[in-house]
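The values are calculated or read from the model by the stated rules, or taken from the named source; none is laboratory data. Keep in mind it's a predicted model, so treat the numbers as computed, not measured. FYI the Cβ positions are ideal-geometry reconstructions off the backbone, even for glycines, and counts take in every protein chain you see. Accessible surface areas use protein heavy atoms only, side chains included; no ligands, DNA or RNA. Shrake-Rupley method; radii C 1.70, N 1.55, O 1.52, S 1.80 Å.
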Amino acid sequence: MNSRRYNTILITGGAGFIGNHLTRHLVIKYPDSKIVNLDKLTYAGNLENLLDVEDRSNYHFERVCITDEVETQRVFQQHRPDLVIHLAAESHVDRSIVSPLEFVHTNTVGTANLLNQAKKLWQEDGFQDELFYHVSTDEVYGSLGPSGYLYEATKYDPRSPYSASNAAADHLVMAYYHTFQMPVIISNCSNNYGPYQFPEKLIPLIINNIRHQRPLPVYGDGSNVRDWLYVTDHVEAIDLAVHGGVIGETYNIGGHNEHKNLTIVETLCDQIDVKLNNPVGTSRKLITFVKDRLGHDQRYAIDAAKINSELGWSPSINLREGLSLTIDWYFENATWLQNITSGAYKEYYRKMYKVE
Ligand code: NAD
Ligand code: DAU
C-alpha cells in the first residue's frame, strides 16, 4: 500500500465531535507533523475537548470561519498545509429542517471556499503530494428500504437540507478533481457515537436524560435504523485513507452494526440500570414516543467492503462495548455535560483568548 507523508495537516472542525478525536490522534501519532485546527467554534465547537493536547508543540489553533475568504487564505498561506482534512460543518439534521440556509452556507459554500484556497496554494507546484480529504456522510445516498446496502456506486439521493448541503459539497470536491486534477478523497460514514458528542444527538441525549430522569424522546415509532460506529474506529479509517487511499476515490465507512432507534434507546436504558444497580426496566419507563422528524430517512446501512479490502480497515469496537465506554465517559464527565447544557463551555474560550 502506498503511504503518503504530510508535513502540515489542516483539520477543519477539529473542536467538534469527530474532529477532536481525529486531532488528538494525529497530534499524538505524528509528532513531527504540524497539526492546525481551524474552527469557528459554533455552538458545536468546544476547546475543552482538546485540553489534553493543546499544549503540544505540534498543535496550533485558528479560530476562523470556513466561509471567510480573507482569513482562510491567510491560514493557507501562513501554514501551507499539504493535507486538508475537512470536517467543519453544520451536522445536525433537525437543525437543518429549521435553518436550511445556514447549512448551505457553511457546508456547501464553506467547502467551495476551502477547495479554492487549497487550489490556489497547491497549483503552484502542480499538485505534488497534496490531498484534500472530505469527511462526508452516508446520508448523501438517501434512505434504504428494509434490505440492501449503500455502496460507493449508489446514486446520490439526499433528502434533508443537511444531506443535500453535504452532497453538494461532495460534488464540488469531485468537480475540483475532474476539472483541475486536484488530489481529493471523500469518505461517507455512518452514525458515529462516543465521548465528546454534543448532547443533541440521540445517544448522548438519551444518556443525559436518563441521568436526569427526564423523558427519552423517540421519534415516530422508533423503527428507523441507523448503522452505528464508535468514533475512534472512524478516526482509524480516516488515518488509513489519507495515507493510502486512492486519489479521486470515495470510501464508505460503517460498522455493519444496524439497529432500530428503539433498540438503541432500550439498550442504553438497560446498561445504565445495571451500572446504577437499579432493577432492569426502571429507565425504560422514561421512553416517550414523540412526533416524527420531517422527512425522516428510514434506514441506512453501509457496505464497507472497499475500505476493508483496499486499506485493511474494519471496526474494532462492538456496540455493547462502545455503548459501555460511552456511558462511562458521560457519567465520569458530568462537568463537561453540565458546561455544555448551561452554555458555560464558551467561557473557556473567552478566558483563553479574551474575546467573545
Ligand atoms: P460537529 O457538529 O460535532 O462539529 C462540527 C465542528 O465544525 C464544530 O467544531 C464547529 O465549531 C465547526 N464549524 C461549524 N461551522 C463552521 C464554520 N463555518 N467554520 C469553521 N468551523 C465550523 O460535527 P461532527 O459530528 O464532528 O461531524 C464532522 C463532519 O463529519 C461533518 O461534516 C458531518 O457531516 C460528518 N459526519 C458526521 C457523522 C456523525 O455521526 N457525527 C457521521 C458521518 C459524517
Ligand atoms: O448517518 C450519519 C449522520 O448521523 C451524520 O451525517 C450526522 O451528522 C449525524 O448527526 C447523524 O445523523 P442522524 O440524524 O442519524 O443522528 P441523530 O443522532 O440526530 O438521530 C439518530 C436517529 O435517532 C435518527 O433516526 C433520529 C432519531 N432520534 C434523534 C433524536 C435526537 C430520536 O428518535 N430522538 C431524538 O431525540
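Key figures
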| quantity | calculated |
| --- | --- |
| Solvent accessible area, Å² - Tyr177, 1.4 Å probe, full protein context | 70 Å² |
| Subset of Lys120/Lys201; Lys40/Lys155; Lys34/Lys120; Lys201/Lys306 violating a 26 Å alpha-carbon distance limit | Lys120/Lys201; Lys40/Lys155; Lys201/Lys306 |
| Point-to-point label distance, Glu124-Ile28, nm (Cα→Cβ direction, 7 Å offset) | 3.5 nm |
| Solvent-accessible surface (1.4 angstrom probe) belonging to Met174, in square angstrom, nearest 10 | 40 Å² |
| With every protein chain in place, the range 1-83: carbon and sulfur % of accessible area (1.4 Å) | 46 percent |
| In nm, spacing of pseudo-spin labels at His171 and Ile287 (7 Å Cα→C-beta vector) | 4.0 nm |
| Contour minus Cα-Cα distance for Thr263 and Glu310 (0.36 nm per residue) | 13.7 nm |
| Point-charge dipole on Cβ atoms (K/R +1, D/E -1) for the range 261-347, about Cα centre, debye to 20 | 280 debye |
| Mean separation of Cα contacts under 8 Å (6+ apart) over length of the range 31-172, as relative contact order % | 24 percent |
| Whole-angstrom gap from the range 276-347 to the range 29-83, using each part's C-alpha centre | 26 Å |
| Eligible lysines near Lys275 by straight Cα distance, threshold 20 Å, same-chain separation 8 or greater | Lys285 |
| Trypsin sites (Lys or Arg not before Pro) lying in DSSP loop within the range 4-100, provided at most 11 other Cβ fall within 10 Å | Arg5 |
| The chain: relative contact order in percent, alpha carbon pairs under 8 Å with at least 6 residues between | 17 percent |
| Accessible surface, per residue, of the range 233-356 when the full set of protein chains is kept, probe 1.4 Å, Å² | 48 Å² |
| Computed [θ] at 222 nm, deg cm²/dmol, the chain (DSSP H ≥ 4; -39,500 (n - 2.57); rounded to nearest 500) | -12500 deg cm²/dmol |
| Scattering curve values for the range 264-346, log₁₀ I(q)/I(0), Debye with Cα scatterers, q = 0.14, 0.18, 0.20 Å⁻¹ | -0.83, -1.07, -1.09 |
| Evaluated over the range 189-318, the Cα radius of gyration and Dmax, each in Å | 16.7, 53 |
| Directionally averaged shadow of the chain, computed from the convex hull of its alpha-carbon atoms, nm² | 17.2 nm² |
| Largest to smallest accessible area among Phe132, Phe61 [probe 1.4 Å] | Phe61, Phe132 |
| Average accessible surface area per residue within the range 109-229, 1.4 Å rolling probe, Å² | 36 Å² |
| Listed residues Tyr151, Tyr345 arranged by accessible area, highest first, probe 1.4 Å | Tyr151, Tyr345 |
| Surface share of carbon and sulfur [accessible, 1.4 angstrom probe, percent] for the range 255-331 | 52 percent |
| Gln298 paired with Glu347, simple spin-label distance in nm, labels 7 Å along Cα-to-beta-carbon | 4.8 nm |
| Peptide ranges 7-20, 221-234, 136-149, 286-299 listed from the most packed, as the mean C-beta count within 10 angstrom indicates | 7-20, 221-234, 136-149, 286-299 |
